[in-house]
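Down below is the structure, laid out as structure tokens.
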Amino acid sequence: VHNNIRHVLNGENILSNLWSISLLNHDTRVDNNIYLKHLKPQCSSSQVYKGLYDGKSSGKYDSCVYVAPGAQKSDTVQKNNNILIADGAKIASNPQLEIFADDVKCAHGSTVGQMDDKALFYMRSRGIREPVAKKLLLSAFVGDVVKAVKNSHIKKIVTKEIDEQFKA
């Protein structure tokens, strides 16, 4: 899957939120290429992209937020968090900011890691079977994105996909 997003905030006081969950396994791949422009003052944008990569799956998060010289009071956050479930999985994460205004709040971050062995051990020591514990941890990891979905029909589809992906 190739997601190419070009987004321009060319009016004042615009709010843009991009949310994504990638659940990949086998030899599947996702490329998220995002270019977002803040052209006017007092606009806010956020990107929250989370990925769970199993098998030999791979992904790319390549995002650039451009803040124009006149786009004072811009507020933007790029966040890309990933869990590599299998040793053969991989992700390339590249959040970037191009800031040409001086009165802005801009932040970006990226994490790539494995499942928390201590949390898994704790849950197992409380009698929770390993598949159930893994499903709970992975569901919690993407929980903020699921919570942000306002449309109940879409939320149901996303929740069902997560349940099917991580059957306990």
In terms of modelled amide H atoms, which long-range or inter-chain residues lie less than 5 Å from the amide H of C106? T76
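Compare the peptides 106-115, 40-49, 135-144 by average per-residue count of other Cβ atoms within 10 angstrom and give them in order, highest first. If you can, show how the numbers build up before the last one.
Numbers: 106-115: 13.9, 40-49: 19.8, 135-144: 16.1.
Peptide ranking by packing, descending: 40-49, 135-144, 106-115.
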Which whole-Hz ³J(HN,Hα) couplings does the range 99-110 yield from phi under the Karplus relation 6.51 cos²θ - 1.76 cosθ + 1.60, θ = phi - 60°, glycine and proline marked x? 10, 10, 10, 10, 10, 9, 10, 9, 8, 8, x, 8
With +1 at each Lys and Arg Cβ and -1 at each Asp and Glu Cβ, the charge dipole magnitude of the chain around its Cα centre, to the nearest 20 debye, comes out at 540 debye
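Tell me what the chain gives for mean residue ellipticity at 222 nm when only DSSP H runs of n ≥ 4 count, each as -39,500 (n - 2.57), the sum divided by the residue total, rounded to 500 deg cm²/dmol.
-7000 deg cm²/dmol, from helical runs alone.
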Cross-link candidates for K160: which lysines have Cα within less than 29 Å, leaving aside residues fewer than 8 places away along the same chain? K50, K56, K60, K79, K90, K118, K134, K135, K147, K150
Under-5 Å amide H pairs with I91, H placed in peptide plane, nonlocal only: G59
Measure nothing but the geometry: give the 0 to 90° angle between the long axis through the Cα atoms of 130-141 and the longest principal axis through the Cα atoms of the chain, rounded to 10°. 10 degrees
Can you pull the three principal axis extents for the Cα set of the chain, in Å, largest first? 57, 32, 28
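What percentage of the solvent-accessible surface of the chain, computed with a 1.4 Å probe over protein heavy atoms, is contributed by carbon and sulfur atoms?
Details: 4940 of 9570 Å².
C and S fraction of accessible area: 52 percent.
The values are calculated or read from the model by the stated rules, or taken from the named source; none is laboratory data. Small disclaimer: the values here were computed from a predicted structure and weren't measured. Neighbour counts are summed over all protein chains in view; Cβ atoms, including those assigned to glycine, are modelled from backbone coordinates with ideal geometry. The accessibility values were calculated without ligands, DNA or RNA, using every heavy atom of the protein model including side chains. Shrake-Rupley method; radii C 1.70, N 1.55, O 1.52, S 1.80 Å.
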